[in-house]
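Input: a single structure, listed below in structure tokens.
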Amino acid sequence: MNKEKTKILVTGGLGFIGSHTVVELQNEGFEVVIIDDLSNSKIEVLDGITSITGIKPEFVQLDLKDKNLVKDFFENHKINGVIHFAASKAVGESVEQPLKYYENNIATLVYLLQEMVKNEVYNFIFSSSCTVYGQADELPITENAPIKSAESPYGNTKQMGEEIITDTTKASNLQAIALRYFNPIGGHESIKIGELPIGVPQNLIPFVTQTAAGIRKELLVFGDDYPTDDGTAIRDYIHVVDLAKAHISALKRLITESNKNKMEFFNIGTGKGSSVLEVIKAFEKVSNKKLNYKIVGRREGDIVSAYADTTLANNELDWYAKLTLEDALESAWKWQLKQV
Ligand code: UD1
């Protein structure tokens, strides 16, 4: 594989997972071009990436909803593969504005795939989510667990996205890998890039760090009456740098044609479940701060427990989560301290 000549398009490359993946791609010698519309990201992230890797990636500010611009982009760039992060991701908002989600996450995917096939760009990595499993009947969750009816339009766009890509692989030379992320957290050890939630964070970790920093008064813990050891819900929190590296493994698999099917699915998590209270305790330990929190009722739509069986990713991608929950919380905390 001649990586010097391997140019990878990263859509949403200035976002949380996208930016960390761009860093790993550049560290591995890939040439990167980023498309981002800056709707949920900041241009300063480009400086962070440049400062970490010493390479400024090409950046094109472009809205993927504009089909003609997507067409022009592919006509003017010779691309060898695409990692597609650009999408809206707020579950609650997707319930209120479903069409925004279908346009942002589905229409754009269709435009991208159309141009890829037309321009003979056949390697595609898709950001999927463990949300496709809903509350799985068996834990840990394997890739064979049934896909449950989606709880939200956001979740539905991930399910539909996987189906659209699968159908396209059957009808063309496209080959693709969907990575089903569990709960990505943390940030780069350099503290030059990290998670940048806009407005009030919906996800646990940014809410925890903002509460510890005094930006939020208290963390609300949604439910302590779940059938778990301490009554709080369990998730598989994966360090974003480990997650970013899974994309490199998946991309190499496609480029070297080591894939076993034209469309493949991999769970990307640590394999370890942590309860909300365990996360709080671990955070208090790494930050040396007491967190102000209060137990309240369950949040609608939340599941009890989800954690990954990562055997398939371990064996097929030769990918392993190496960083711990504590590593991730420490980096998230350092990043938070830099923001205030
Ligand atoms: C959520 C989405 C999921 C999406 C993922 C992206 C829902 C129902 N699910 O996952 O579809 O793919 O984000 O990152 O929104 N919690 C609190 N207090 C808070 C925030 C969260 O107790 O202020 C708890 C939640 O109840 C949950 C855990 O922390 O048990 C993790 O929550 P969160 O970070 O929002 O992730 P998910 O709900 O797993």
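What's the number of the only condition in (1) over 24 Å from residue 201 (Cβ atoms); (2) out of contact with any Pro (no Cβ under 9 Å at 6 or more places or on another chain) that residue 26 fails to meet?
(2)
It is to be established whether one or more residues within segment 271-294 are assigned to a strand (DSSP E or B), within 9 Å of the ligand (Cβ to nearest atom) and touching a residue at least 60 places away in the same chain (Cβ under 8 Å).
yes
For segment 159-193, give me each residue that is assigned to a helix (DSSP H, G or I) and touching a residue at least 40 places away in the same chain (Cβ under 8 Å).
Scanning segment 159-193 gives 160, 161, 162, 164, 165, 166, 168, 169, 170.
Would you mind finding the one in 189, 162, 120 that is more than 19 Å from the chain's Cα centre (by Cα) and of a type in the set (Asp, Glu)?
On inspection, the qualifying residue turns out to be 120.
Which condition does residue 220 not pass, out of (1) in contact with a Phe, Trp or Tyr (Cβ under 8 Å, 6 or more places away or on another chain); (2) under 25 Å from residue 43 (Cβ atoms); (3) surrounded by fewer than 22 Cβ atoms within 10 Å (Cβ to Cβ), if it passes all the others?
That leaves (2) as the condition not met.
Just name the residue that is farthest from the ligand (Cβ to nearest atom) out of those in segment 299-324 that are within 14 Å of residue 265 (Cα to Cα) and open to solvent by 50 Å² or more (accessible area, probe 1.4 Å).
If we take residues in segment 299-324 being within 14 Å of residue 265 (Cα to Cα) and open to solvent by 50 Å² or more (accessible area, probe 1.4 Å), then 315 is farthest from the ligand (Cβ to nearest atom).
Restricting attention to helices (runs of 4 or more DSSP H) lying wholly within segment 1-107, give those where 2 or more residues are on the phi < 0 side of the Ramachandran plot and of a type in the set (A, V, I, L, M).
Ranges flagged: 16-27, 44-53, 67-76, 91-96.
Only residues that are more than 16 Å from the ligand (Cβ to nearest atom), closer than 27 Å to residue 256 by Cα and crowded, with 16+ Cβ neighbours inside 10 Å: list them for segment 173-216, please.
174, 175, 176, 177
Can you name every residue in segment 280-298 that is polar (S, T, N, Q) and surrounded by 14 or more Cβ atoms within 10 Å (Cβ to Cβ)?
Across segment 280-298, the qualifying residue is only 287.
Residues are listed down the side, and each one gets a yes or a no for (1) at pLDDT 95 or above; (2) not aromatic (Phe, Trp, Tyr):
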{"position": "237", "(1), (2)": "yes, no"}
{"position": "246", "(1), (2)": "yes, yes"}
{"position": "255", "(1), (2)": "yes, yes"}
{"position": "260", "(1), (2)": "yes, yes"}
{"position": "272", "(1), (2)": "yes, yes"}
{"position": "278", "(1), (2)": "yes, yes"}
{"position": "282", "(1), (2)": "yes, yes"}
{"position": "289", "(1), (2)": "yes, yes"}
{"position": "301", "(1), (2)": "no, yes"}
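Restricting attention to segment 16-42, which residues are out of contact with any strand residue (DSSP E or B) (no Cβ under 8 Å at 6 or more places or on another chain) and hydrophobic (A, V, I, L, M, F, W, C)?
23
The values are calculated or read from the model by the stated rules, or taken from the named source; none is laboratory data. Given the structure is predicted, the values throughout are model-derived calculations rather than measurements. Note: ideal-geometry Cβ built from the backbone for every residue, glycine included; neighbour counts use all protein chains shown. Heads up: the accessible areas ignore ligands, DNA and RNA and are worked out on the full protein's heavy atoms, side chains in. Shrake-Rupley method; radii C 1.70, N 1.55, O 1.52, S 1.80 Å.
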